[in-house]
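The values are calculated or read from the model by the stated rules, or taken from the named source; none is laboratory data. As the structure is a prediction and not an experimental result, all values here were calculated from the model. Backbone-built Cβ (ideal geometry, glycine too); neighbour counts: all protein chains shown. Surface accessibility is based on the protein's heavy atoms, side chains included, excluding ligands, DNA and RNA. Shrake-Rupley method; radii C 1.70, N 1.55, O 1.52, S 1.80 Å.
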Amino acid sequence: MNSDIAFHVHPIDGNAPSSSVSREIHQILARATEVDGTAPLSEQAVKAVDAGEEVVRLVATESDRVLGYVAIADGMAEAVVDPESRGRGVGRELVSRALDVGSDTRIWAHGNLPAAQSVAARLELHVVRELLQMRRAAAGPELPDVVVPDSISLRTYRGHQDDAELLRVNNAAFSWHPEQGGWTDRDIAARRDESWFDPAGLFLAFEADSDRLLGFHWTKVHPAQGSEPAIGEVYVVGIDPQSQGRGLGRILTLAGLHYLHSRELSQVMLYVEADNTAAVHTYTKLGFGNYHVDAAYARGV
């Protein structure tokens, strides 16, 4: 770190910060979200502020005050700087230190805001991945009916007995995905224990008259926060690679969208890789439009 910088960047010892540091980090997250119009950390990263043995956490402090925070897990870093402390090089120093944790570490820029682009330019980082957030009004355009062929049985989640097949299909469908792939029973259980989990919103498509899962659509409803109304999400759509080409993605997506529509939500959102042109095309035909983009930056080779 440069000697002329008044703040200090240091690791958080142990598996979680102290209660006072944790409180300051969460306050910074709230302020940044309000100022920027988008959350600086993903939901998983917010939870990892206070729990997680395999998370590297760094804070930038001045005296006893927290100015910024960055966490690195599974090769992905996410950072936030207090809006009141921006323009002092805090973000640049946090990102630089985070990228030093591993040679392949990447840093998410949620919303890819101008401040993040400026930090990336100064550190000579380049975009290696883009994740689109798309949205559509829940009430329109009108959704097509769900048409399920006789060869497919569509139902909702019935409990633990569905977990083995759900994991098998998830890990096959997302074997390439750095966050979604490699799930275990713990990942399913953690989401099942969330307050938002609703078994009626988890749709499963089976081969007719069998227990073989072909694909699933896990929906989610984010509760209202402040002035922001509740919003539905196409959380995960996973198709067994051996079952591609049967229209399962459309069937499952529509089933979930009809369910979210029944919840009387104003909007539905989803995330999709920007280079997944087939999925982007499908969602566009269903009335989704681009809302914002998250970019992952990395150092050059």
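Return the label of the correct value of Cα extents along the principal axes in Å, as calculated from the structure shown, out of (1) 48, 43, 40; (2) 61, 49, 36; (3) 70, 39, 36.
(3)
Spin-label point model (7 Å from Cα, Cβ direction): what's the Glu273 to Glu54 distance in nm?
Rounded to a tenth, the inter-label distance reads 2.0 nm.
Accessible area of Ile231, 1.4 Å probe, to the nearest 10 Å²?
Only protein atoms counted, so the area is about 20 Å².
Checking the a/c ratio against 1.5 first, then a/b against b/c, what shape does the Cα gyration tensor give for the range 90-220?
On the way: a/c = 2.71, a/b = 1.89, b/c = 1.43.
Prolate shape, in that a/c is at least 1.5 and a/b is the bigger ratio.
If you roll a 1.4 angstrom probe over the protein chains with everything in place, what fraction of the accessible area of the range 163-293 belongs to carbon and sulfur, to the nearest %? Could you put the intermediate results ahead of the total?
On the way: 3140 of 6370 Å².
Taking all protein chains in place, the range 163-293 shows 49 percent carbon and sulfur surface.
Which residue, Pro141, Leu123, Gly159, has the largest displacement toward the positive end of the dipole of the range 76-165 when charges sit on each Cβ (Lys, Arg +1; Asp, Glu -1)?
Value: Leu123.
Scanning the chain for helices, which whole DSSP H stretches are 27 Å or more long along the axis (Cα) and average 0.5 or more by Kyte-Doolittle?
Sorted by number, there is nothing, because no helix extends far enough and scores high enough.
Express in Å², to the nearest 10, the accessible area of Ser266 obtained by rolling a 1.4 Å probe over the protein heavy atoms while all chains stay in place.
Roll a 1.4 Å probe over it and Ser266 shows about 70 Å².
Taking the Cα centre as origin and putting +1 on Lys and Arg beta-carbons and -1 on Asp and Glu beta-carbons, what dipole magnitude results for the range 66-184, to the nearest 20 debye? Numbers along the way, then the final one.
Details: 12 positive and 16 negative charges, 70 e Å.
Dipole of the range 66-184, to the nearest 20 debye: 340 debye.
Residue farthest toward the positive end of the dipole of the range 26-98, with Cβ of Lys/Arg at +1 and Asp/Glu at -1: which of Met76, Ala98, Val55?
Ala98
Please give the solvent-accessible surface of Lys285 in Å², to the nearest 10, using a probe radius of 1.4 Å with every protein chain present.
My reading of the accessible area for Lys285 is about 150 Å².
Leaving out ligands and nucleic acids, note down the accessible area per residue over the chain with a 1.4 angstrom probe, in whole Å².
Values: 15350 Å² over 301 residues.
Value returned for the chain: 51 Å² of accessible area per residue.
Given a 1.4 angstrom probe, I'd like the percentage of the accessible area of the range 1-159 that is carbon and sulfur, rounded to a whole number.
Values: 3870 of 8330 Å².
Ligands and nucleic acids excluded, carbon and sulfur give 46 percent.
May I ask for the Rg/Rh ratio of the range 196-301, computed from Cα atoms with Rh as the Kirkwood radius, given to two decimals? Could you put the intermediate results ahead of the total?
Numbers: Rg = 15.6 Å, Rh = 15.3 Å.
Computed over Cα atoms, the ratio is 1.02.
Probe radius 1.4 Å, ligands and nucleic acids left out: which of Tyr157, Tyr271 has the largest accessible area, and how do the rest follow? If you can, show how the numbers build up before the last one.
Working: Tyr157 20, Tyr271 90 Å².
Descending order: Tyr271, Tyr157.
Please compute the net charge surrounding Gly102, taking Lys and Arg as +1 and Asp and Glu as -1 over other residues with Cβ under 14 Å from its Cβ. Intermediate results must be reported in sequence, preceding the final value.
On the way: positive: Arg97, Arg106, Arg299; negative: Glu54, Asp74, Asp100, Asp104.
That works out to -1.
Let me check something: with ligands and nucleic acids excluded, how do Thr105, Thr156 order by accessible area (1.4 Å probe), largest to smallest? Please list the in-between numbers first.
Values: Thr105 10, Thr156 50 Å².
Ranked list, largest accessible area first: Thr156, Thr105.
What does the charge dipole of the range 95-158 about its Cα centre add up to, to the nearest 20 debye, if the Cβ of each Lys and Arg holds +1 and the Cβ of each Asp and Glu holds -1?
Working: 8 positive and 7 negative charges, 47 e Å.
Result for the range 95-158 is approximately 220 debye, rounded to the nearest 20.
For the chain, what does the helix formula give at 222 nm: sum of -39500 (n - 2.57) over DSSP H segments with n ≥ 4, over the residue count, nearest 500 deg cm²/dmol? Intermediate values should be presented prior to the final figure.
Working: 8 runs with 86 residues, N = 301.
Calculated from helices alone, the mean residue ellipticity at 222 nm is -8500 deg cm²/dmol.
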